[in-house]
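> I have a structure here, written as structure tokens, and I will follow up with some questions on it.
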Amino acid sequence: MNKRILIIGGTSEARTFGTFLAERGVAFTFTLTAKPMRRYPFAYRVEKIVGISHSEERIGNISEPCRGRTSSTRISKENKRNSLGNPGFIVKFESHEEEFDLIIDMAHPHAYSIGKLLDDLDDSTELNGCLWRYQRHNCLEVFETFESYEEMTKWIVKKKTKKILSFMGCKGSERIAKLLDLQHYNCQIYLRSIKKPCLQSEFVQLLPLIFTPSEMNNTDLLQTTLDEIEPDLVLLKDSGKEGGTDVKRTWFIESDIAFFGLRMPQKRKGKIFRSPEELNEFFMNWKGIQ
């Protein structure tokens, strides 16, 4: 019986893993929350996940994928558990629901919504068998980071920082601006991003610096930006080596630039993999494809 596998993407490692499986003829569903900037060599869908539960926790109507089509079915009490003997999942997308035997979470470490959905699942001895999660290694030291946006914002106000260069992305920078707005704090945030911000802030000036994905970690462009802006502080997310955090950190330290980062969240529930190679090897030895 074919196992229904859902891969939650959003990182370069997820793209590589999907390619690895596709080249070996493994069937899977690959989902993203936004259209990728690079072309993928396999099929994917762009749709937000809004809910996840164990399939044994709910019996009702769902939609089940069938060679690209969607057909309605009903889960019986006898079919609550997947073919491996473990409870599977009901995954609720914005437009429909589907059942999966295995979820492989390779989302970005700062993808809070999906991370919370998975970490809120009831823990059990069976969860490791049907929920696998890839965790990047952090690059920033604990003393170089804040655990939350709120802590970061309080520190900005306390230090009376007025000119900020942000690598927090569009949403992250807007979130900082909203929190500063609530405190009626005036400052400038130069947003280095691939998207333009939409937020209209009353007290914070959001000044976009638009770059292509390939330019984001270019050290020459980074130095030019620092020379032109001369920021009081640089903000970034710890996205691991894969996200270029190590390059930025080294550059800031060598250039004597004040910086702070948002701490990388750690995935808690499910079986955790610390390298793509570990995940590849485990998957190929998984009894679900034997």
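> Look at the range 150-202 and say how many of its residues are within 26 Å of Gly240 (Cβ to Cβ) and among the acidic types (Asp, Glu).
Number satisfying all stated conditions: 3.
> List, please: which pairs have Cβ atoms under 7 Å, are six or more places apart or on different chains, and start with a residue in the range 191-206 that is among the basic types (Lys, Arg) and end with one that is modelled with pLDDT of 85 or more?
Arg192/Leu165; Arg192/Ser166; Arg192/Phe167; Arg192/Leu209; Lys195/Cys170; Lys196/Pro208
> When the residues of the range 10-42 are narrowed to those that are of a type in the set (Val, Ile, Thr) and out of contact with any Lys or Arg (no Cβ under 6 Å at 6 or more places or on another chain), which ends up farthest from Gly288 (Cα to Cα)?
Initially, the range 10-42 is screened for residues of a type in the set (Val, Ile, Thr), giving 11, 16, 19, 26, 29, 31, 33.
If we keep only those that are out of contact with any Lys or Arg (no Cβ under 6 Å at 6 or more places or on another chain) as well, we get 11, 16, 19, 26, 29.
Details: Thr11: 24, Thr16: 21, Thr19: 19, Val26: 11, Thr29: 16 Å.
Result: Thr11.
> Also, I was wondering about something else. From the residues in the range 73-123 that are at pLDDT 75 or above and of a type in the set (S, T, N, Q), which one is nearest to Thr11 (Cα to Cα)?
Filtering first and then ranking leaves Ser113.
> Please go through the range 129-168 and pick out each residue that is over 18 Å from Ala258 (Cα atoms), assigned to a strand (DSSP E or B) and not hydrophobic (A, V, I, L, M, F, W, C).
Of everything in the range 129-168, those that are over 18 Å from Ala258 (Cα atoms), assigned to a strand (DSSP E or B) and not hydrophobic (A, V, I, L, M, F, W, C) turn out to be Arg133, Tyr134.
> Determine which single condition Arg133 fails, assuming it passes every other condition in (1) in contact (Cβ under 8 Å) with a residue 24 or more places away in the chain; (2) farther than 30 Å from Gly18 by Cα; (3) of a type in the set (D, E, K, R).
If we test Arg133 against (1) in contact (Cβ under 8 Å) with a residue 24 or more places away in the chain; (2) farther than 30 Å from Gly18 by Cα; (3) of a type in the set (D, E, K, R), just (2) comes out false.
> Return the residue satisfying two criteria in turn: it lies in the range 6-30 and is β-branched (Val, Ile, Thr) and surrounded by fewer than 21 Cβ atoms within 10 Å (Cβ to Cβ), and of such residues it is farthest from Ala111 (Cα to Cα).
So the residue we want is Val26.
> Scanning for something surrounded by 17 or more Cβ atoms within 10 Å (Cβ to Cβ), out of contact with any Phe, Trp or Tyr (no Cβ under 8 Å at 6 or more places or on another chain) and assigned to a loop (DSSP other than H, G, I, E, B), does the range 169-191 turn up at least one residue?
No, the conditions are met nowhere in the range 169-191.
> Here's something else I'd like to know. Taking the range 96-113, which residues are outside any strand (DSSP E or B) and in contact with an Asp or Glu (Cβ under 7 Å, 6 or more places away or on another chain)?
Met106
> Suppose we keep only residues that are over 16 Å from the mean Cα position of the chain (by Cα) and not aliphatic (A, V, I, L, M) within the range 121-138. Which one would you say is nearest to Ile90 (Cα to Cα)?
Cys130
> Continuing with the same structure: Report, by residue number, each residue of the range 218-244 that is in contact with a strand residue (DSSP E or B) (Cβ under 7 Å, 6 or more places away or on another chain) and within 15 Å of Arg263 (Cα to Cα).
Answer for the range 218-244, where residues must be in contact with a strand residue (DSSP E or B) (Cβ under 7 Å, 6 or more places away or on another chain) and within 15 Å of Arg263 (Cα to Cα): Val234, Leu235, Leu236, Lys237, Asp238.
> Considering each of Ile194, Ile210, Ile257 in turn, give the residue that is modelled with pLDDT under 90, touching a Pro at 6+ places or on another chain (Cβ under 8 Å) and either surrounded by fewer than 16 Cβ atoms within 10 Å (Cβ to Cβ) or among the hydrophobic types (A, V, I, L, M, F, W, C) (or both).
After ruling out the rest, the residue left standing is Ile194.
The values are calculated or read from the model by the stated rules, or taken from the named source; none is laboratory data. Predicted, not measured: the structure shown is a model, and the values here were computed from it. Because the Cβ atoms are built from the backbone with ideal geometry, glycine has one as well, and the counts that use them run over all protein chains shown.
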